[in-house]
């Protein structure tokens, strides 16, 4: 699919190749950091490149002098090739060494034409080349309903998976169920208390250390309905396994229902318990031990804050420092059971053995200190053949008209994801979760995210799509349906779109393929939400300009040819917004 920025970069690299061929520049230059993007100030041109700044240090030349050598080479290469619709490019060197390029208007009209022909497929790219990528996200412990922080991770992971698919990767969406270990045993004991309560016992106050949420009352009743009084009077050894399995199944059903409400899906639910029962942890660590990567030692006391896994005793340790971590890491607890880290090493090894060398994990804010050890482990168990990128999602702070909201009757200690989604809707929640980088805290105010104003990002973008749809409905009163199809509008006289505001909007739309590629390569789906707000702002600006200047209105009864050209632009806006919202998982609205 057409990406004008990639095309211009190709022209620049070819021009640099010409300079190499003529002996002006040395051969073997690393051009990987040469970028092409819109200049910060549109007055400087349509696109800008850092080529001279990148190469200046390598070739030991002044960046500005080098830019002045590259500029005519770009213009000459373009004239010889006849690309970019044959018109000459304006290439200007600017301090401290940027190259600003202005493209003929016909180039931008061609981009709009390509957009209309591609529809919502505009922006699809093959940079992924079908490479397999495993995206693991949510993976909330099955001990109760999900909170809003889980919801943010769910949206980031789901949008990232959709983004990578649009960029040509073969994406596998995965959820890791932590259904082994102490937490699910605590869940089972908590449920057993509610089970006894369901059978008529007065259990009193929930003891410290057990889960107090009201959601377990219903689960206890369900267990009583299934098993009757079978477990009353039985020892914990007898009932623990059965009650634990029932509890995990019920909690996962609750979690899946919440994910479904949010429009989040997974291809695979991996089970920690299955790995444990299959002996995968022992097998994995035995393989590391054979390579001398596991030893018994005493960790030095850490400087500053003491981590949870430090104990001044001999421990079974993984040589994480060999693979970039700060310290070696414990694999066994003091009671002889495996640490969570040991199980996680085996799990990531399992991912690799299933054919995934490109791994992405989306984690909550409390896992920031876990990243380096897990990346070290992945390098170790795959001999460096796999990469792990971890996206940490920071906290979501809930407010209602500026006042903090922290408690939930159902969960007992936090506001559940379901409560928030039921209050504001799936689309609002999903879009708002991407209005900040994942590594920044996000403030979510119930009142602000549902108000109809330009201060509300999701409303602002949806309103732009609804406005575009409204224009097309009015156009349908004037033109026949076949005249308003995307393919027909692609053949409109787009060269009539000459107003600076119209061209600025076309240039904004033409950035969509570049945004998709850049966001996919950086694993940053929030870039899409940022971009859609920019498109909406440009469109609303043009709308308001037409309201003030009658000659710039989209529908001019006296000029059907110009009208169809402008309708092509309006339709282009709708298609790009719909394409972006589809990746985010939001349904574009037709009316507001």
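Readers should treat all values here as calculations from the given coordinates under stated rules, not as data from a laboratory. Values in this document were obtained by computation on a predicted structure and should not be read as measured data. Cβ coordinates were reconstructed from backbone atoms using ideal geometry, including for glycine residues, and neighbour counts include every protein chain displayed.
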Need one number for the stretch 372-499: average projected area of the convex hull over its C-alpha atoms, nm².
15.4
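For the stretch 269-360, build the convex hull from the C-alpha positions and give me its volume per residue in Å³.
Values: hull volume 12.0 nm³, N = 92.
It comes to 131 Å³ per residue, whole-number rounded.
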Scattering from the C-alpha atoms of the chain alone, worked out with Debye: what is log10 I(q)/I(0) at q = 0.05, 0.09, 0.10 1/Å?
-0.30, -0.87, -1.01
How large is the convex hull of the Cα atoms of the stretch 235-295 per residue, expressed in Å³ as a whole number?
144
Once the mean of 1/r over all distinct C-alpha pairs in the stretch 59-107 is inverted, the Kirkwood radius in Å reads 11.4
Using the basic label-point model (7 angstrom from Cα toward the beta carbon), what is the residue 545 to residue 260 distance in nanometres?
4.8
Over the alpha-carbon set of the stretch 182-261, work out the extent along each principal axis and list the three values in angstrom, largest first.
39, 25, 24
Where the centre of each part is set by its Cα atoms, how far does the stretch 501-561 sit from the stretch 337-357, in angstrom?
45
Ranking request for peptides 341-350, 50-59, 544-553, 235-244: highest mean number of other beta-carbon atoms within 10 Å first, then the rest in descending order.
341-350, 50-59, 235-244, 544-553
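Where both residues lie in the chain, what percent of DSSP beta bridges are antiparallel, nearest 5?
Counting only bridges with both partners in the chain, antiparallel ones make up about 45 percent.
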Averaging over every viewing direction, what projected area does the convex hull of the Cα atoms of the stretch 4-103 cover, in nm²?
5.7
How do the peptides 376-383, 274-281 rank, highest first, by the average count of neighbouring beta carbon atoms within 10 Å per residue?
376-383, 274-281
Give the Rg/Rh ratio for the stretch 396-450, taking Rg as the radius of gyration of the Cα atoms and Rh as the Kirkwood radius, to two decimals.
0.94
Let's test the formula: R0 of 35 Å, r as the Cβ-Cβ distance of residue 300 and residue 397. What FRET efficiency results, to the nearest 0.05?
0.40
Calculated log₁₀ intensity ratio I(q)/I(0) where the Debye formula runs over C-alpha points of the stretch 457-584, q = 0.14, 0.15 Å⁻¹
-0.60, -0.68
Highest average packing first - 15-23, 474-482, Cβ atoms within 10 Å:
15-23, 474-482
Taking every alpha carbon pair in the stretch 120-167 and sorting the distances into 10 angstrom bins from 0 up to the bin holding the longest one, the percent per bin comes out as 24, 40, 24, 12, 1
